1. Please enumerate the residues belonging to region 93-123 that are within 20 Å of Q55 (Cβ to Cβ), open to solvent by 10 Å² or more (accessible area, probe 1.4 Å) and not basic (K, R).
2. Let me spell it out: the conditions are (1) farther than 22 Å from T374 by Cα; (2) surrounded by fewer than 20 Cβ atoms within 10 Å (Cβ to Cβ), and F268 meets all of them except one. Which number is the exception?
3. So, in region 293-325, of the ones that are under 29 Å from the mean Cα position of the chain (by Cα) and either without any contact (Cβ under 8 Å) to a residue 12 or more places away in the chain or not assigned by TED's automatic domain parsing to the domain that holds D199 (or both), which residue ends up least open to solvent (accessible area, probe 1.4 Å)?
4. If you check W139 against the conditions, is it open to solvent by 10 Å² or more (accessible area, probe 1.4 Å) and either of a type in the set (S, T, N, Q) or under 23 Å from the mean Cα position of the chain (by Cα) (or both)?
5. Every residue in region 500-515 that is in contact with an Asp or Glu (Cβ under 8 Å, 6 or more places away or on another chain), open to solvent by less than 50 Å² (accessible area, probe 1.4 Å) and not aromatic (F, W, Y), please.
6. Output the number of residues of region 326-364 satisfying the condition of being of a type in the set (D, E) and either in contact with a His (Cβ under 8 Å, 6 or more places away or on another chain) or open to solvent by less than 10 Å² (accessible area, probe 1.4 Å) (or both).
7. Residues of region 394-431 being under 30 Å from the mean Cα position of the chain (by Cα) and part of a strand (DSSP E or B), which ones?
Amino acid sequence: MPKCEGKVHFRLPASYYPDKYKTAIDFVKDWITRDCDETVDVPEIQPPDLTLPLQLDFYDEFSMFVPAHREMAKSLIHILMNAKNLEEFQCLAIFCQMRINPSLFNYALSVAILNRKDTKGINIPSFAELFPGKFIDPWVLECARKAVAILLPDQRKPITIPQNYTAASFEPEQRVAYFREDIGVNLHHWHWHLVYPMDANDLSIIDKDRRGELFYYMHQQIIARYNIERYCNNLSHVVPYDLKSPIEEGYFPKMNSKVASRAWPPRFTNTTMYNLDRPDVQVRIDLSDMFRYRDNIEQAIENMEVILPGGGTMSLEGDKGIDVLGNLIEASALSPNKGYYGDYHNGGHLFISYSHDPENRYLEKFAVMGDPTTAMRDPVFYRWHTHIDNLFQLYKSKLPPYTKNELEWSGVSVHSVGVESAAGASALRTQWERSALRLDRGLDFAKLGSVLGTVTHLTHHDFVYAITVENTRVHEVTGTVRLFMAPTQNDKGDWLKFEEQRRLMIELDKFTHPIPVGRSTISRRSLDSSVTIPYDRTFRPQSERPGEPGFAEAAAFDFCGCGWPHHLLIPKGTASGFAMTLFCMITNWEEDRVAQDLVGACNDAASYCGIRDRKYPDRRAMGFPFDRRAPANVLKEFLTLNMATSDIIIRFKDEIRDHQNKD
């Protein structure tokens, strides 16, 4: 198809065309080039060895959770990464695109673009644009196809994407479907696993700073946020799932796979796990293997050391322990002993995703839990990851509580913290918002012009933090301001103990700020959060991104697709007002800082995603100071002088507003 909105055509040598197209080369060239403004001549290349990636059928589904698929992706990433220059890289991509499974090709190409030095400013289209079937009701796409086929561009009206269509309103889990099925949430999970792939021939692609710890922290924050949403909707805390018992919750995704031309398989209520024997994807795992891997992981945590393949050990003590454990549990290529500790996290996804057809008796493909793009739609995702998080929390419980000296900052006191918004002092407001999403890029014939869909999602009104701080030192200092929020009560109205509350602390922002001598006030907009990516990076068409290939701002745009969607920074709340505790801590930046140059680097969503080509910009443990147990029964007993809390409420208004661009 023509590129750049139908204006550019790549003229290919005959050797590039697969056999299925060779008889139609002249016709295709004439049809494609008819309305193009520019033709790019593509040179001949030595065809790459695609033996391994071609083992995945063009119309099959691809998943990084399947070991055989990971090997295929490794091979293709290696081919693309080893291109000598940008021209050869482009030629290889063109050659592979018509032969390789679309999902596999998209993944490998995106990883290569993010990691090659000469491609970091090149556009990575949003996955929701290329594969809308993984995010949207197929009825909407059918409406879009009819619109582009029948109506002129100026005659097409936006198509309404239904907000609740996967279960009836009386199904309790449907109360939080707005969170699980949010396009931004699922794009975040996809993009994080794109920036931090599990495997590659070149370990430098995998071995990014504190990668294992980021795997732990990003998912821990997802679970905390989801539990708060459940409380706001009168649902109880997530119950962990360890593969032993039937899954009580069913899930019917109501989506079609564009690549495989099949409906995503459902899971019925009370589905039981069985041994996996799937020769179609070269997977054969017994449940007993998974339980053995879990026991080995728990034993490593108990002993605070990992057994290495040669019989030696690696300590889990110290700052690096959580990073080692994260890579071990996820089973990335950095796992210190994959043979002994297994493919535990990924294996759980596989068992659940094939639970409807564990022996391939009905030739069904994996369900949504088998794909990082769709996994967060399923209620069992949060149950499985609560189990995974409990392993991390078991490890954290082995670490000593932070001492008063580690928490305090002598000479700096935080007197108060609060929020100011249109809802009034100490109050935040949420409601529904209607946003536009471009659908035509994921349709079969892109030359027919654009068509929009409108999606309704949760959002919040902008607000400002106000922090009163006093510096009794003799000179100005620089502090790291850490802002968190947690509920005060559970769904039943019971007051939360500190141990429960600390695991529900969601990070809202983290930034550095000068603190002059005396008393002063720090103001900070919610829009500037270090956790989130701006609204337009979730919903804006990628063709509107800044700069051209090679520009630093363009590269930052691509990398910063990894980040929590800003419209979900704040939990939903309730109509009467959901009580939360806002927490602020200011620590010594001189002790927190990581010496590095951040000029031109993307760091506006660093908390969950790190920074491109840099170290994580905080020496403290992720989630500090709430990542460890503490000898406190309630939050107030935990506070030191450089901390402050305030009670706020989140009021939800059940109304829909149209998004207004603020540019």
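The values are calculated or read from the model by the stated rules, or taken from the named source; none is laboratory data. All of these numbers come straight from a predicted model, not from anything done at the bench. Quick reminder, even Gly has a Cβ in these numbers, built from the backbone with ideal geometry, and neighbours come from all protein chains shown. Areas reflect the complete protein model, heavy atoms only, side chains present, ligands, DNA and RNA absent. Shrake-Rupley method; radii C 1.70, N 1.55, O 1.52, S 1.80 Å.
1. Residues of region 93-123 that are within 20 Å of Q55 (Cβ to Cβ), as a first pass: 93, 95-109, 111-112.
Retained after the next criterion (residues that are open to solvent by 10 Å² or more (accessible area, probe 1.4 Å)): 93, 95, 97-99, 102, 105-107, 109.
If the condition is that a residue be within 20 Å of Q55 (Cβ to Cβ), open to solvent by 10 Å² or more (accessible area, probe 1.4 Å) and not basic (K, R), then A93, F95, Q97, M98, P102, F105, N106, Y107, L109 are the ones that fit.
2. Unmet for F268, out of (1) farther than 22 Å from T374 by Cα; (2) surrounded by fewer than 20 Cβ atoms within 10 Å (Cβ to Cβ): (1).
3. It comes out as G318.
4. No; evaluated as a whole, the condition is false for this residue.
5. Selection gives D509, K510, I515.
6. 3
7. V417, G418, V419, E420, S421, A427, L428, R429, T430, Q431, listed by residue number.
For every residue, the table says whether it meets (1) outside any loop (DSSP other than H, G, I, E, B); (2) of a type in the set (V, I, T); (3) within 18 Å of D199 (Cβ to Cβ).
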{"position": "Y59", "(1), (2), (3)": "no, no, no"}
{"position": "F65", "(1), (2), (3)": "no, no, yes"}
{"position": "E71", "(1), (2), (3)": "yes, no, yes"}
{"position": "L80", "(1), (2), (3)": "yes, no, yes"}
{"position": "E88", "(1), (2), (3)": "yes, no, no"}
